[in-house]
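Laboratory data are not the source of any read-out in this text; all were calculated from the coordinates shown. Values in this document were obtained by computation on a predicted structure and should not be read as measured data. Glycine also receives a Cβ, built like all others from the backbone with ideal geometry; neighbour counts cover every protein chain displayed.
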Amino acid sequence: MNSVAPHLAVLASRVRFEEKSIMGALERRGARFEHLDPRSLFVADGSAWTGPTLVLNREVGHFRALYAASALESAGVTVLNSAAATHLSGDKWHTSAALLNRGLPTPRTALAMTTEAALEALDDIGYPAVIKPLVGSWGRLVTRVTDRAVATAVLEHVAALPSPQSHVIYLQEQVPKADRDLRVLVVGGEALGATYRKGEEWRTNVARGAVSEYCPLGPVHAKLAVAAAEAVGTDIAGVDLIEDMDGHLTVLEVNDRVEFRGFQEAHGSRVDVADAIAAHLIARGET
Amino acid sequence: MQKVVNGPECPECAAEVTIDGDARVSEIVECVDCRSELEIASVQPPTLTLAPDVEEDWGE
């Protein structure tokens with residue numbers, strides 16, 4: 001155990017329900033911490049770092065979260081989740097590769113470098129399929145393609161996007177499933193609970209109007225979610241699972257800066273997510 | 001919850017904005033008059049700025 005108490009911080013440019021709840025939980029546990037705003041953060045190469053020694057990364061922007069974590073780690077700071085974990089979980093292809101490396105079930109996926117290669121990959125995967133941006137959240141720009149004509153049109157639009165990264169195309173089979181998926185929250189290698197996320201459209205993102213409902217957490221779901229969180233190296237994660245029509249579970253994604261408002265409302269007093277995160281952060285500071 | 005009686009002005013429409021007593025810096029509030037998203041720039045004294053627009057890589 002360290003003889004010097006860790007200097008804790010919560011990194012966030014936008015204080016939402018989640019960040020406010022975590023800060024409140026840290027205070028209730030008597031932990032001293034600071035709010036670190038990445039918009040005013042810089043880490044200078046070669047200078048002695050005098051800031052926090054343990055940082056919870058709750059930055060809403062992926063790239064700012066990733067580079068802030070990397071810069072802080074270069075100064076000797078421990079960041080949760082680590083920069084490596086944010087790198088893997090923030091990019092859909094890297095997540096898929098990490099899941100496959102661990103032998104975990106995930107939908108059939110292809111990465112294509114050109115429009116032509118993407119169309120060939122889609123012929124192989126079959127329709128309907130889904131085209132997703134490598135980086136992004138809340139279901140943004142995730143597009144379901146039902147046949148080659150639709151795929152060709154969507155890929156023409158993708159090719160017109162300005163970012164070179166957008167031209168690397170991530171494709172996935174659309175797994176036939178019920179009108180819901182499962183979100184399992186994992187903190188420190190333990191699954192806290194699960195919710196069903198149900199929506200009227202095929203994308204079951206809460207940001208798109210899907211509703212979170214309490215789901216009793218079974219050992220199979222818990223084990224798979226913990227394994228998925230571990231595969232991408234996350235201490236704290238929201239793991240999305242889908243169940244196909246035969247009941248087989250597959251991992252869709254791992255979210256490293258997980259939003260949990262809907263999860264918390266669905267669980268009521270069964271679990272306190274913010275407190276679990278605060279407890280984990282404090283415990284990490286004591287090891 | 002404790003309320004601030006004389007809240008800061010909305011930088012967009014100048015309406016008075018009520019913020020909670022337990023508000024934190026960088027928290028987002030909405031102006032009930034013009035519906036602008038506002039960021040709490042400081043708590044003591046309470047001041048507001050327009051919240052940043054959502055960016056393409058925002059999320060979880």
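Can you name every residue in segment A:37-76 that is surrounded by 21 or more Cβ atoms within 10 Å (Cβ to Cβ) and part of a loop (DSSP other than H, G, I, E, B)?
If the condition is that a residue be surrounded by 21 or more Cβ atoms within 10 Å (Cβ to Cβ) and part of a loop (DSSP other than H, G, I, E, B), then A:P52, A:R58, A:E59, A:V60 are the ones that fit.
What single numbered condition from (1) part of a loop (DSSP other than H, G, I, E, B); (2) under 19 Å from A:R108 (Cβ atoms); (3) more than 14 Å from chain B (Cβ to nearest Cβ) fails to hold for A:L134?
Tallying (1) part of a loop (DSSP other than H, G, I, E, B); (2) under 19 Å from A:R108 (Cβ atoms); (3) more than 14 Å from chain B (Cβ to nearest Cβ), A:L134 fails exactly one: (3).
Does A:V158 satisfy the criteria of being in contact with a Pro (Cβ under 6 Å, 6 or more places away or on another chain), among the β-branched types (V, I, T), more than 24 Å from A:H267 (Cβ to Cβ) and touching a residue at least 40 places away in the same chain (Cβ under 8 Å)? Talk me through it step by step, then tell me what you get.
Working: in contact with a Pro (Cβ under 6 Å, 6 or more places away or on another chain): no; among the β-branched types (V, I, T): yes; more than 24 Å from A:H267 (Cβ to Cβ): yes; touching a residue at least 40 places away in the same chain (Cβ under 8 Å): yes.
Judged against the criteria, A:V158 is not a match.
Every residue in segment A:7-35 that is under 19 Å from B:V25 (Cα atoms) and free of Cβ contacts under 8 Å to residues at least 12 places away in the same chain, please.
Just the residues of segment A:7-35 that are under 19 Å from B:V25 (Cα atoms), to begin with: A:8-28, A:31-35.
Within segment A:7-35, A:K20, A:E27 qualify.
So A:V206 ticks every box in (1) within 14 Å of chain B (Cβ to nearest Cβ); (2) more than 25 Å from A:G24 (Cβ to Cβ) but one. Which box is left unticked?
(2)
Does A:A84 qualify as being out of contact with any strand residue (DSSP E or B) (no Cβ under 6 Å at 6 or more places or on another chain), touching a residue at least 12 places away in the same chain (Cβ under 8 Å) and surrounded by fewer than 18 Cβ atoms within 10 Å (Cβ to Cβ)? Before you say what the answer is, go through the steps one by one.
Numbers: out of contact with any strand residue (DSSP E or B) (no Cβ under 6 Å at 6 or more places or on another chain): yes; touching a residue at least 12 places away in the same chain (Cβ under 8 Å): yes; surrounded by fewer than 18 Cβ atoms within 10 Å (Cβ to Cβ): yes.
Criteria met by A:A84.
Return a yes/no flag: does segment A:11-19 have any residue that is surrounded by 15 or more Cβ atoms within 10 Å (Cβ to Cβ), more than 10 Å from chain B (Cβ to nearest Cβ) and farther than 19 Å from B:S42 by Cα.
So in segment A:11-19, the residues surrounded by 15 or more Cβ atoms within 10 Å (Cβ to Cβ) come out as A:11-19.
Now narrow it down to the ones that are more than 10 Å from chain B (Cβ to nearest Cβ): A:11.
Among the residues that remain, those that are also farther than 19 Å from B:S42 by Cα are: none.
Checked segment A:11-19: no residue is surrounded by 15 or more Cβ atoms within 10 Å (Cβ to Cβ), more than 10 Å from chain B (Cβ to nearest Cβ) and farther than 19 Å from B:S42 by Cα.
When both residues are 6+ apart or on different chains and their Cβ atoms are under 6 Å apart, which pairs have a first residue that lies in segment A:36-58 and is closer than 21 Å to A:I277 by Cβ, and a second that is among the acidic types (D, E)?
Matching pairs, first to second residue: A:P38/A:E59; A:R58/A:E19.
Consider A:L192 carefully, then state whether it is touching a strand residue (DSSP E or B) at 6+ places or on another chain (Cβ under 9 Å), in a loop (DSSP other than H, G, I, E, B), of a type in the set (A, V, I, L, M, F, W, C) and closer than 23 Å to A:N81 by Cβ. It would help to see each step written out before you state the result.
Details: touching a strand residue (DSSP E or B) at 6+ places or on another chain (Cβ under 9 Å): yes; in a loop (DSSP other than H, G, I, E, B): no; of a type in the set (A, V, I, L, M, F, W, C): yes; closer than 23 Å to A:N81 by Cβ: yes.
Here the answer is no, as A:L192 does not meet what is asked.
Could you tell me whether any residue of segment A:149-171 is more than 14 Å from every other protein chain (Cβ to nearest Cβ) and within 18 Å of A:L241 (Cα to Cα)?
yes
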